[in-house]
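The values are calculated or read from the model by the stated rules, or taken from the named source; none is laboratory data. Note that this is a predicted model, so its numbers are computed, not measured. Here the Cβ positions follow ideal geometry from the backbone for every residue, glycine too, while neighbour counts run over all protein chains shown.
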Amino acid sequence: MKDNLQDLIAHIHGLAAIDVIKIVGTDTSTNFSAVSQDKNGRIVIEGQLLTPDPNFIGTFGMPNLDKLKTILGFDEYDENAKIHTSYESNIPKVIHFENKVGDFVNDYRLMSAGIVNEKVGNVSFKGALWNIEFEPTIEGINRLKKQAQANSDQENFKIKIENDNLKIYFGDPATHSGNFVFYPNISGTLSRTLEFPVNLVIQVLNMAGDKKIAIADKGILEITINSGIGLYRYLILAQSK
């Protein structure tokens, strides 16, 4: 269970002020979702654990992610620790942490289904017509970081397709600007220029796992990450002009 919790924290905590993760679990699947919108942009996250966790049965929320991250970081809770979900009338109430000898304990209280449904709702992305799909390279991601550093005053970047290359643009040519080829010889086209939040996209691309990117003409950037423990889909909406 600890590995699953750590993976969720590593891939969701800290993104766009997300403060709760919704869990919907059964005997055969463990699904999760989160949603937020702040100054760094609008993002929706949905996904599932590759192996269902029997401790994640029911619908509940994991709030106060800073606290959960802190507890998971205690060396008291090593591979010999006892970590499990406690239920009352089949309703998940707390995640109980106890070290091997039982003299160091934490109870992390869960959010009820009613409250988490109000906060997160039923996140279910119906899909989109993806105009472009590719696997980003390490070189491309590093180039994005360099241009973001050189143009640190820019909150958004623009995506264009030029001469079959996916190019990213920063800034205004009338002042300071930069651009680069993010992915060459791309298949697909975009009918318009799309803008996305720089910091949010880089945060997601910095996460561990195998990555894929898809872009829809209507203004959605999807980054999919397979961490080996969970499959995460990050849906980032284009910025309004």
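Per-structure values
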{"item": "Residue in the stretch 68-84 that is crowded, with 17+ Cβ neighbours inside 10 Å, in a strand (DSSP E or B) and hydroxyl-bearing (Ser, Thr, Tyr) present", "result": "no"}
{"item": "Leading residue by the ranking (surrounded by the fewest Cβ atoms within 10 Å (Cβ to Cβ)) among those in the stretch 158-184 that are polar (S, T, N, Q) and at pLDDT 95 or above", "result": "165"}
{"item": "Residue, nearest to residue 217 (Cα to Cα), within the stretch 113-129, restricted to residues that are touching a strand residue (DSSP E or B) at 6+ places or on another chain (Cβ under 7 Å) and modelled with pLDDT of 90 or more", "result": "116"}
{"item": "Flag if residue 190 is among the hydrophobic types (A, V, I, L, M, F, W, C) and surrounded by 18 or more Cβ atoms within 10 Å (Cβ to Cβ)", "result": "no"}
{"item": "Meets criteria (within 30 Å of residue 195 (Cβ to Cβ), among the small types (Gly, Ala, Ser), modelled with pLDDT of 95 or more and outside the structural domain of residue 198 (by TED's automatic domain parsing)) for residue 17", "result": "no"}
{"item": "Candidates 191, 152, 187 - the one that is under 24 Å from the mean Cα position of the chain (by Cα) and part of a loop (DSSP other than H, G, I, E, B)", "result": "152"}
{"item": "Index of the failed condition, residue 162 passing every other in (1) out of contact with any strand residue (DSSP E or B) (no Cβ under 7 Å at 6 or more places or on another chain); (2) touching a residue at least 60 places away in the same chain (Cβ under 8 Å)", "result": "(2)"}
{"item": "Count of residues meeting criterion [closer than 22 Å to residue 7 by Cα, assigned to a loop (DSSP other than H, G, I, E, B) and more than 12 Å from the chain's Cα centre (by Cα)] in the stretch 197-229", "result": "2"}
